[in-house]
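The values are calculated or read from the model by the stated rules, or taken from the named source; none is laboratory data. The shown structure was predicted, so the numbers you read here are calculated from the model rather than taken from an experiment. Here the Cβ positions follow ideal geometry from the backbone for every residue, glycine too, while neighbour counts run over all protein chains shown. Note: areas computed on protein heavy atoms with side chains; ligands, DNA, RNA excluded. Shrake-Rupley method; radii C 1.70, N 1.55, O 1.52, S 1.80 Å.
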Number of protein chains: 2
Amino acid sequence: MEPFKVTILGCASAKPTPRHMPTSQIIDFRGNLFMIDCGEGTQIQIMKYGIKLSRLRRIFISHLHGDHCFGLPGLLSTLSLMGLNGEITIHLPEEGMRVLKPLIDYSSHAQDITFAPYSYGNNIIYEDDTIAVNTMPLRHRLPCCGFVFREKPKLPHINRAMTDFHGVPTCMFNRIKNGEDFVKPDGTVVPWQRLTTDAEPPRSYAFISDTLPLKAVASEVKGVDLLYHEATFAESEAERAKQTCHTTAAQAANIAKSADVGRLIIGHYSSRYDEELELLNEARAIFPNTDLTYEGMTFDV
Amino acid sequence: MEPFKVTILGCASAKPTPRHMPTSQIIDFRGNLFMIDCGEGTQIQIMKYGIKLSRLRRIFISHLHGDHCFGLPGLLSTLSLMGLNGEITIHLPEEGMRVLKPLIDYSSHAQDITFAPYSYGNNIIYEDDTIAVNTMPLRHRLPCCGFVFREKPKLPHINRAMTDFHGVPTCMFNRIKNGEDFVKPDGTVVPWQRLTTDAEPPRSYAFISDTLPLKAVASEVKGVDLLYHEATFAESEAERAKQTCHTTAAQAANIAKSADVGRLIIGHYSSRYDEELELLNEARAIFPNTDLTYEGMTFDV
């Protein structure tokens, strides 16, 4: 199966620690790389984990707090030094055009970088034959969006045993996969469904960035295979979470449960936690299929 | 003796490597901290080496290439989160007000940060009773300055044996240190020089950022105790150094030699060098009292 996987480059919250770097993730989708958020030091993480910058196509910035975007000028500057910035598109909140773009323009020979500002709302901001990416408005201290990456349905597979049996020439395979029946020389019609097997179901990944816990998120991410949800605090700090517009591990797990997702991963840990097992245990009590994220971990979608 | 020392936070050149972080240094001058340059990831280095952000007073940015300033928004944002940004002054090239300040303003509640833009030239940009900092124009691909930190001459020490012998009351000590002679009850005049011993000579540190090798630098840094000079390349890459407006290790050593400095330290290593011994050996052949800088090293001025 073609890859669709998420590698964690950073899972700290606003204040980085010697243990954790600020938020950034790499999605490897069928060989092309998408980045979500780009906290300070992301380019160093990329080198550390051997990620091929030449395959990076798009960067999605959830909001303009520094721990989600301050690595962008440096990363783009390095791409520029390496002559690799020709195909990069940056999807960023509109305000980023005022506060981030001047620095990028100044430092990155950015004429070949495409800026694609998006507005706060529920919109498809990228789409091709294989995937669609939509934003989902979150509730934080400034405009912030989550992202849902939905693979598009794939064509069915040719069932070689059946095509051989019915004498279907290979030049017909593509039309059959696209739903055309096969007519044998004697006029017999073989329905395309008999000549194919179902494709793997399309996969989906949702990234829920800094936010108060939202019911709307649960309905928007209904049934996704993999959900990343921030879980900055434990439930014992629920009041602090509310004040700072963040989510607790228990709240994230409740969203995963009511959305009936395949698997939940959490991150964006407050620096007050020396280890995050407290957060993990709290989430697993509600949604057992939960895991912590750590720098360098990769999750299949 | 009160401290005057330099700690290296990063010594990479433009492209950071898994081994080296981009440029930043901390000067501990009599308990107050000054920062020179602030490449991406500097705040992480500060945590790693246990540097007390509460003592940081001034940041000097040599030029606006990313590897010398992209850590600034994140550092100031963290200072802001910690409530420590009240006393910070940022000395930066004028263009920084256009390209860096908007991002800092947006992210750092920066109303208490003082921006002190400086123009390209040879000027004193900071001075108090104990130290003066002046800029020195360098020749790079954009406006870039070096900095010289010169301790001011200190008052002489009281020679307790002599003041006891002549019966000088302690309330006179400060006036004697400031050059007033002591008149004994019998009218005898004891010159202040006989009652004091010389203070330690004032110390000086020069930071020479990205530049072509300049004769003017050698005269400007004449006799400094400690000279940091970039040495991006070995002499075998002299042509490349010239093209990119950088200095070779041999050129840096020649400047140290003709300036007759106390000690030379080099850094800003090109990522092409797996280890920097080639650069060190080349420099030491010309100026023996040379050392490499590495992250975490501290040098007394």
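Scanning the range A:5-16 for residues that are farther than 24 Å from residue B:82 by Cα and open to solvent by less than 10 Å² (accessible area, probe 1.4 Å) returns A:6, A:8, A:9. The test for being open to solvent by 20 Å² or more (accessible area, probe 1.4 Å), away from chain B (no Cβ under 14 Å), modelled with pLDDT under 95 and more than 10 Å from the chain's Cα centre (by Cα) does not hold for residue A:19.
State all residues of the range B:253-277 that are modelled with pLDDT under 95 and of a type in the set (Asp, Glu); if no residue qualifies, say none. Within the range B:253-277, B:274, B:275, B:276 meet the criteria. Filter the range B:138-157 down to residues that are closer than 22 Å to residue B:32 by Cα and open to solvent by 20 Å² or more (accessible area, probe 1.4 Å), then give me how many there are. Qualifying residue count for the region: 5. Checked against (1) under 28 Å from residue A:246 (Cβ atoms); (2) out of contact with any strand residue (DSSP E or B) (no Cβ under 6 Å at 6 or more places or on another chain), residue A:88 passes all but condition (1). In this structure, residue B:132 qualifies as under 15 Å from the mean Cα position of the chain (by Cα) and among the hydrophobic types (A, V, I, L, M, F, W, C). Considering A:147, A:173, A:115, the condition of being among the aromatic types (Phe, Trp, Tyr) and either modelled with pLDDT under 90 or more than 25 Å from residue B:107 (Cβ to Cβ) (or both) is satisfied by A:173 alone. In the range A:159-170, the residues that are closer than 19 Å to residue A:198 by Cβ form Cβ pairs under 6 Å with partners that are open to solvent by less than 40 Å² (accessible area, probe 1.4 Å) and among the aromatic types (Phe, Trp, Tyr), at six or more places apart or across chains, as follows: A:168/A:182.
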